[in-house]
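Take a look at the structure set out below.
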Amino acid sequence: MGTEPERGGAAGVFKDRGPFIERDRDGLESRLELMEGVITPTSHFFVRNNAPSPALDASGWRLTVEGDAVASPLELSYEQIRRLPQRTLVCYLECAGNQRSMFERLKGRSANGTQWGTGAVSNGIWLGASLAGVLELAGITPEARSVLLIGLDREAPEGGFRRVLSPEKAMHPDTLLAYSLNGEALPPDHGYPLRALVPGWAGATSIKWLGRIVVTSERLWTRNNTTSYVLIGDDYPTEGEARGRVVTTQTIKSALGLPWPAELSPGRQLLHGFAHSPHAPIARVEWSADGGASWQLARLAGPQLQYSWARFEFDWEARPGEHTLTTRATDGAGNTQPDEVPFNEEGYLFHQVLPHPVRVH
């Protein structure tokens with residue numbers, strides 16, 4: 001979940017698999033139409049791997065923290081991690097490539113990678129220890145410039161999927177080392193025994209099967225911040241050793257809980273969907289049935305806790321024929337989904353308003 005290999009081609013695999021749509025051998029997309037509550041059941045939580053999930057035994061697992069920007073390198077067992085002060089967060093996790101297929105569907109330009117629809121995102125209750133607390137135990141120094149998280153999925157690129165955090169994000173009190181999802185130990189596909197949870201950043205940063213943290217006094221460059229998880233295109237200037245702008249923070253989005261395309265019966269329909277933003281809670285969601293000529297307010301269903309997504313709903317009088325429903329979210333900081341987003345080669349961070357096709361018959 002959250003880590004994503006580069007796979008070319010727009011065809012992909014589109015196969016129903018219970019609560020998921022199977023996009024390729026390593027990608028299971030959640031079906032938002034099956035999400036009635038705010039919390040995604042673990043059985044419905046989207047999955048993204050770079051390699052088969054490793055079979056790890058917590059009793060023999062260790063987390064090492066090292067590098068030239070820590071004064072006291074250390075090694076922690078699973079039980080030692082669990083004895084650290086606990087934090088619980090309600091937080092969504094989203095693949096950087098969520099909605100990637102919309103570049104082709106709406107703009108006619110195919111981006112590289114798994115052709116996700118709207119369901120490469122899920123919302124859960126996470127329990128873990130603060131990454132900052134572990135880094136403080138290791139004596140992180142003021143010279144730290146990069147915090148590199150490395151997974152134990154050794155068949156993944158670079159011999160373990162890895163992402164670089166800024167020291168500021170690593171030391172944020174809500175950046176967790178999580179060992180529980182929705183009240184139970186992490187399932188193997190979601191990072192057992194330990195994973196990172198980095199609220200608001202691209203899901204690939206929330207490294208699963210975490211085994212090693214390297215803190216350095218120089219800025220680190222790896223595959224996943226030079227060629228992958230980089231916005232590459234004419235609208236994105238290069239950054240450091242990267243081919244474009246490095247993907248960190250996610251974007252504001254909304255999506256209906258409907259198949260694409262959807263088929264409905266005539267009559268009054270209660271429709272729902274989900275909206276989220278890394279910047280602030282969702283302030284409002286609007287919907288349009290006339291191509292954006294007019295907008296109406298949807299109802300926000302219940303409070304939005306911490307980094308949760310928001311559930312919205314509205315009533316629509318469905319008449320026979322072909323229709324398009326569009327939603328648009330705005331957060332409390334004033335960010336609103338745009339009408340257009342520039343193309344990038346890897347199809348990351350698509351977040352323009354979505355015209356959702358609906359057939360009523």
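The values are calculated or read from the model by the stated rules, or taken from the named source; none is laboratory data. Predicted model, so just to flag it, every value in this text is computed and none were measured. Neighbour counts run over all protein chains shown; Cβ positions are idealised from the backbone, glycine included. With ligands, DNA and RNA removed, areas are computed over all heavy atoms of the protein, side chains included. Shrake-Rupley method; radii C 1.70, N 1.55, O 1.52, S 1.80 Å.
Values as computed for the structure displayed
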{"quantity": "Matching residues, region 38-64, being in contact with a helix residue (DSSP H, G or I) (Cβ under 6 Å, 6 or more places away or on another chain) and either farther than 30 Å from Phe312 by Cα or of a type in the set (Lys, Arg) (or both)", "calculated": "Ser53, Ala58, Trp61"}
{"quantity": "Meets criteria (open to solvent by 50 Å² or more (accessible area, probe 1.4 Å) and either of a type in the set (Val, Ile, Thr) or touching a Cys at 6+ places or on another chain (Cβ under 8 Å) (or both)) for Gln296", "calculated": "no"}
{"quantity": "Qualifying residue in region 28-49 (condition: without any contact (Cβ under 8 Å) to a residue 12 or more places away in the chain and buried (at least 16 other Cβ atoms within 10 Å of the Cβ))", "calculated": "no"}
{"quantity": "Elements of type strands (runs of 3 or more DSSP E) in region 171-254, at least 3 residues being crowded, with 20+ Cβ neighbours inside 10 Å and touching a Phe, Trp or Tyr at 6+ places or on another chain (Cβ under 7 Å)", "calculated": "176-181"}
{"quantity": "Filter result for Ser53 (open to solvent by 10 Å² or more (accessible area, probe 1.4 Å), modelled with pLDDT under 95, among the hydroxyl-bearing types (Ser, Thr, Tyr) and part of a loop (DSSP other than H, G, I, E, B))", "calculated": "yes"}
{"quantity": "Pro320, sole failed condition from (1) open to solvent by less than 40 Å² (accessible area, probe 1.4 Å); (2) over 22 Å from the mean Cα position of the chain (by Cα)", "calculated": "(1)"}
{"quantity": "Residue in region 146-153 that is touching a helix residue (DSSP H, G or I) at 6+ places or on another chain (Cβ under 8 Å), among the polar types (S, T, N, Q) and open to solvent by 10 Å² or more (accessible area, probe 1.4 Å) present", "calculated": "no"}
